[in-house]
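Just so it is clear, none of the values below were taken in a lab; they were calculated from the coordinates. Predicted, not measured: the structure shown is a model, and the values here were computed from it. Here Cβ is always computed from backbone atoms with ideal geometry, including for glycine, and neighbour counts include all displayed protein chains.
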Amino acid sequence: MAKNLKLKSARAALDMSQQALAEKVDVSRQTINAIEKGDYNPTLKLCTDICRALGKTLDDIFWENE
Amino acid sequence: MADRSRERNTAGVFSDYGLDERQKLIMANIGFKGFKIMCYAIAAVTAVLLALYIFEIIIPFQFAALIYYTVMLIGMAVFELTASKYGVLNQVHSFSSTTGGLIAGVMLIAAAAVNIIVRTVKGTFNGDTVIIVTICLLTAVYQFIRCACGKRNFKVLDDESKETEEE
């Protein structure tokens, strides 16, 4: 699975750490790390929670550019 | 994460307290693999002990093996019943179970009946016969449950397909 660099850059743009994002969406820091590394596919609910926390849309963060 | 107003200091090894969706998924996969390995290990050990028993090699824990075997069959039956309720039982397994389970169950009952009849006629009916017949009957019950679960699995899938077509 490809790395999710969009998530990483969206988080960095807000100067938010993985831990801070994890606490906002009620998951562990390891899970945020796994999503960014492409090691875990989050559920749709977690995807929408992450987008809400970062003020982005699903397309902005989780849509793969072909 | 979780309800911090009710934080606990201890949790069991199988507890999913404080775990998020990814961790629960990994734990569920580990649990499923562990359950499979445990079932196969118990079945293998029981088969070996039963073979020794048939050749009149008595070793400790043979009776305990029967109890473990019964618990294993109950666990597998509960698994098949629950999985078929949601229509997620392996479809290839379901297909083979619908006839294979029925045939195996009938053959096991027949084997148990023949065993009882032959040993009664020969006058050698004893505790050994009871144990072998018990194993046959327990396994037969599981095979019938397996057959029923296979059929139910397909029924659930058919019902879900009909619901989708009607929408």
Filter the range B:47-58 down to residues that are free of Cβ contacts under 8 Å to residues at least 40 places away in the same chain and in contact with a helix residue (DSSP H, G or I) (Cβ under 6 Å, 6 or more places away or on another chain), then give me how many there are.
1
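For the range B:93-105, which positions are of a type in the set (A, V, I, L, M, F, W, C), surrounded by fewer than 16 Cβ atoms within 10 Å (Cβ to Cβ) and in contact (Cβ under 8 Å) with a residue 24 or more places away in the chain? Before the answer, list the steps.
Residues of the range B:93-105 of a type in the set (A, V, I, L, M, F, W, C): B:95, B:102-104.
Now narrow it down to the ones that are surrounded by fewer than 16 Cβ atoms within 10 Å (Cβ to Cβ): B:95, B:103.
Correct list: B:Phe95 only.
Okay, residues lined up against (1) in contact (Cβ under 8 Å) with a residue 12 or more places away in the chain; (2) β-branched (Val, Ile, Thr):
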site	(1), (2)
B:Ile30	no, yes
B:Met38	yes, no
B:Ala64	no, no
B:Gln91	yes, no
B:Val114	no, yes
Hits in the range A:28-39 (condition: within 11 Å of the chain's Cα centre (by Cα) and assigned to a loop (DSSP other than H, G, I, E, B)):
A:Gly38
I'm trying to understand the selection: among the residues of the range B:48-91, which are part of a helix (DSSP H, G or I) and within 17 Å of B:Asp158 (Cβ to Cβ)?
B:Ala83, B:Ser84, B:Lys85, B:Gln91
In the range A:40-66, which residue that is in contact (Cβ under 8 Å) with a residue 40 or more places away in the chain and in a helix (DSSP H, G or I) is nearest to the other protein chains (Cβ to nearest Cβ)?
A:Ile50
Here are the criteria: (1) within 13 Å of another protein chain (Cβ to nearest Cβ); (2) without any contact (Cβ under 8 Å) to a residue 12 or more places away in the chain; (3) part of a loop (DSSP other than H, G, I, E, B). Tell me which single one A:Asp15 does not satisfy.
(1)
Please specify each residue of the range B:98-124 satisfying the condition of being in a helix (DSSP H, G or I) and more than 23 Å from B:Leu50 (Cβ to Cβ).
B:Thr98, B:Thr99, B:Leu102, B:Val121
Can you report the number of residues in the range A:40-63 which are among the charged types (D, E, K, R) and farther than 15 Å from B:Arg22 by Cα?
4
Hey, among B:Ile109, B:Ile74, which residue is free of Cβ contacts under 8 Å to residues at least 60 places away in the same chain, touching a helix residue (DSSP H, G or I) at 6+ places or on another chain (Cβ under 7 Å) and surrounded by 12 or more Cβ atoms within 10 Å (Cβ to Cβ)?
B:Ile109
Answer yes or no: is there a residue in the range B:4-24 that is in a loop (DSSP other than H, G, I, E, B), under 21 Å from the mean Cα position of the chain (by Cα) and away from every other protein chain (no Cβ under 14 Å).
yes
